[in-house]
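> Sending over a structure as structure tokens; questions will come in a sec.
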Amino acid sequence: MKNIIEQNRGRIKAIIKKLTGSYNEDIEQEVYIKTWKNMDNYKEQGKFGQWIAALTANVCRDYFKSKQYKMEAAQVNGDDILENVRVCGRQEEILDAKTRQKQILKAVDELPRKMRQVVVWYEFEEMTYEQIAAKTGDPVGTIKSRLFNARKILSEKLKHLKGDR
């Protein structure tokens, strides 16, 4: 397990930061626990790094659904913290970015399963069309089509964010 942690720590931290907007040690620890518990479920069909990246993305999505996250978000909305945010514009930008990120992840989560899978693999795990096609057994053209359609749906669902920047 120590080797797994050493070899994948950077990737895990990067995914957590990309999906949540900041590094979160609790999420990282949860990834290691789930990796250890699910090692028997890993099938050597793909690269281990891709498997652990997918697991990390799932832990991040679970975090956004958790009571802990909702409590932290409620605290952020408290009067004292909002007052501090007004004072410091940079904090406001960070809060806006996190809110935007949460909306994007929610929209991705609402996509049909096959589209969501392609978006996660292509955008978050940085797999190529060919790698995704090999993993799913579908033609590259189908993968490109799913990604195109998923982006079209996401663009429509998230069009309100385009004016924010």
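> Run the simple label-point estimate for Ser145 and Asp40 please: 7 Å along Cα→C-beta, distance reported in nm.
Inter-label distance under the simple model: 4.0 nm.
> Suppose each label sits 7 Å from its Cα in the direction of the beta carbon; what would the Lys18-His160 distance come out to in nanometres?
Computed distance between label sites Lys18 and His160 equals 2.7 nm.
> Reachable lysines from Lys102, Cα under 22 Å, same-chain residues fewer than 8 places away excluded?
Lys13, Lys17, Lys18, Lys65, Lys67, Lys70, Lys114, Lys152, Lys157, Lys159, Lys162
> Within the stretch 12-44, name every residue whose backbone N is under 18 Å away from a label modeled 7 Å from Cα of Arg100 along the Cβ vector.
Counting only backbone N, you get 17-23.
We did not get these values from a lab; they are worked out from the coordinates using the rules stated. All values derive from a computational prediction rather than experimental measurement. Glycine also receives a Cβ, built like all others from the backbone with ideal geometry; neighbour counts cover every protein chain displayed.
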